[in-house]
């Protein structure tokens, strides 16, 4: 599983889930499953285009991985949006969050381990 920390103007894009029921109303970094034969980078570009209609460029991967259930691991990449605004198709809302706003939304557990590194990164971009 891969997630995108899409950064623009010192803010990161968060998306609110609608399904499954246990995740509905909670926030995540957009992304999804890596298909067989697909690189992590290519998967992330595809998933973000499908979920948000955005073309992104993967810049670098954050440290570590986080478990999702018993069978999956989440990796998160920092990415930039090449053009346009996000138009969610699988989420009911999106928000651009600054470093001081990351705690304002209820993140899904797998995304939480990446927030400290992400906060530090976007804090340097806000200056």
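Values in this text are rule-based calculations from the coordinates and carry no lab data. Predicted model, so just to flag it, every value in this text is computed and none were measured.
Quick notes on this structure:
- Across every direction, the projection of the convex hull enclosing the Cα atoms of the chain has a mean area of 7.3 nm².
- Globularity ratio of the range 49-97, using Cα Rg and 2.2 N^0.38 Å: 1.34
- Relative contact order (%) - criterion: Cα under 8 Å, at least six apart; region: the range 2-126: 34 percent
- When the alpha carbon gyration tensor of the range 67-127 is reduced to an equivalent ellipsoid, its three semi-axes come out at 20, 17, 13 angstrom, largest first.
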